Every structure is written in structure tokens, then in C-alpha cells.
1. Scan region 28-39 and report the pairs whose first residue is within 19 Å of Ala65 (Cβ to Cβ) and whose second residue is open to solvent by less than 50 Å² (accessible area, probe 1.4 Å) and of a type in the set (A, V, I, L, M, F, W, C), with Cβ atoms within less than 9 Å and a gap of 6+ or a chain change.
2. For Ser145, are the conditions met, namely being without any contact (Cβ under 8 Å) to a residue 12 or more places away in the chain and under 24 Å from Pro86 (Cβ atoms)?
3. Of the numbered conditions (1) more than 30 Å from Leu152 (Cα to Cα); (2) open to solvent by 50 Å² or more (accessible area, probe 1.4 Å); (3) more than 12 Å from the ligand (Cβ to nearest atom), Ala52 satisfies every one except a single condition; which is it?
4. Checking the condition farther than 26 Å from Gln9 by Cα, open to solvent by less than 50 Å² (accessible area, probe 1.4 Å), of a type outside the set (A, V, I, L, M, F, W, C) and without any contact (Cβ under 8 Å) to a residue 40 or more places away in the chain, which residue from Asn61, Asn155 passes?
5. Out of contact with any Pro (no Cβ under 7 Å at 6 or more places or on another chain), in a loop (DSSP other than H, G, I, E, B) and within 16 Å of the ligand (Cβ to nearest atom): does that describe Ser41?
6. Restricting attention to region 133-152, report how many residues are surrounded by 13 or more Cβ atoms within 10 Å (Cβ to Cβ) and more than 17 Å from Leu119 (Cβ to Cβ).
7. Can you find even one residue in region 70-79 that is away from the ligand (no atom under 14 Å from the Cβ) and within 21 Å of Glu15 (Cβ to Cβ)?
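The values are calculated or read from the model by the stated rules, or taken from the named source; none is laboratory data. Predicted, not measured: the structure shown is a model, and the values here were computed from it. Cβ placement follows ideal geometry from the backbone for every residue including glycine, while neighbour counts extend to all protein chains displayed. Side chains are part of the model used for accessible areas, which takes the heavy atoms of the whole protein and leaves out ligands, DNA and RNA. Shrake-Rupley method; radii C 1.70, N 1.55, O 1.52, S 1.80 Å.
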Amino acid sequence: MKEISLNIQVVVKQEDELTPQEVKLVDEARRATYRSYAPYSHFSVGAAVELADGTIVTGSNQENAAYPSGLCAERTAVFYAGSRYPDQPIRRLCIAARDTNGEFLQRPISPCGACRQVLLEAEQRTGGDIEVLLYGTEGIYVIRSIKDLLPLEFNKSFL
Ligand code: THU
């Protein structure tokens, strides 16, 4: 028998420790929460992705009365980036969320499993890491690559 340990590194930053590019992306993700369509969950998520050329694309969660038909903020942003700028790699992603009282979460929001899978393919498709910023009012988690969010992933190499 042998044991494998999988470790990820998470850097926790306060807002005044962010780089200017990170500040901008956090701001765009926070703003995107106000464009969410979440009449069922009342949980408003915003995502902002920074492309290699510096363009920022945002998305927010979009719900539907047939619940599974909605889409998370992260996939809205990543699919939009892929359809509008297919040749531009994504370099950085920030996620922010407001709770049912309209307040930004204290604890950093974490992407769902389906979004991690999609984000991973976006990263592998163009090469180069996508840095992830998970926003919370108590601190911002900075993770160097989507790979770290989805250990032992399924990807096209299995097909
Ligand atoms: N949601 C996101 O947009 N991103 C996440 O990372 C987690 C959940 C959305 C889906 C749904 O509209 C609402 O938040 C509640 O789950």
C-alpha cells in the first residue's frame, strides 16, 4: 500500500495587499453580482475573468423556473469569453457573492464542481495557469491554478 498526498497552496490576502490588476478584477466581480438574475435562490454571484490581452469579461448567475436550466456566474463568464474571444487565454478569475440579505459573503465563495470542470478545460485548452481569486470580506483566497481546485480530474486525456 502507498499513500499519495495532494497539497494546494492558498494565499490569503487582505484588500490592501492585492495588486492593482487584482483590485480591478475583484471590483468587476463584485459589480457583476448586481447583474445576477437570482429570483429563486436570492444568492447573487459575480465572476470576472481577465484575458491575456487585459480584456475583462464578466458574468453572473442566471436562474430559471426550471431550476437546472440556470447557469452559474463562472460558467456564464467563461463561456462568454470563449465565444467572444476564442483565441485569448484566460489568465485570472475572480468570484464574489452576496447572500440572501444582499451582503457580500464574509467567507470566500468557492466554485461548484461543475464550474471547476469547465474552468479546468479552459485552462488546459489555452495553456498557462488561471489564477483564482475567491472574494470574501474577511479575506481573499488566491490560488495559483484551476488544477489546484480539482485534483485527480477527469479530462480529455482519458478519452
Ligand atoms: N452559483 C454560482 O453562480 N456560482 C457558484 O460558485 C455557486 C453557486 C449560483 C447558482 C445558483 O444560481 C445560486 O448560486 C445558488 O446556488
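1. That search, which allows pairs on different chains as well, returns Ser36/Val45; Ser36/Ala73; Ser36/Ala97; Ala38/Val45.
2. For Ser145, the condition - without any contact (Cβ under 8 Å) to a residue 12 or more places away in the chain and under 24 Å from Pro86 (Cβ atoms) - is not met.
3. (1)
4. Working: Asn155 fails: farther than 26 Å from Gln9 by Cα.
Within the list Asn61, Asn155, the selection yields Asn61.
5. Details: out of contact with any Pro (no Cβ under 7 Å at 6 or more places or on another chain): yes; in a loop (DSSP other than H, G, I, E, B): yes; within 16 Å of the ligand (Cβ to nearest atom): yes.
When the stated conditions are applied, Ser41 passes them.
6. Count: 4.
7. no
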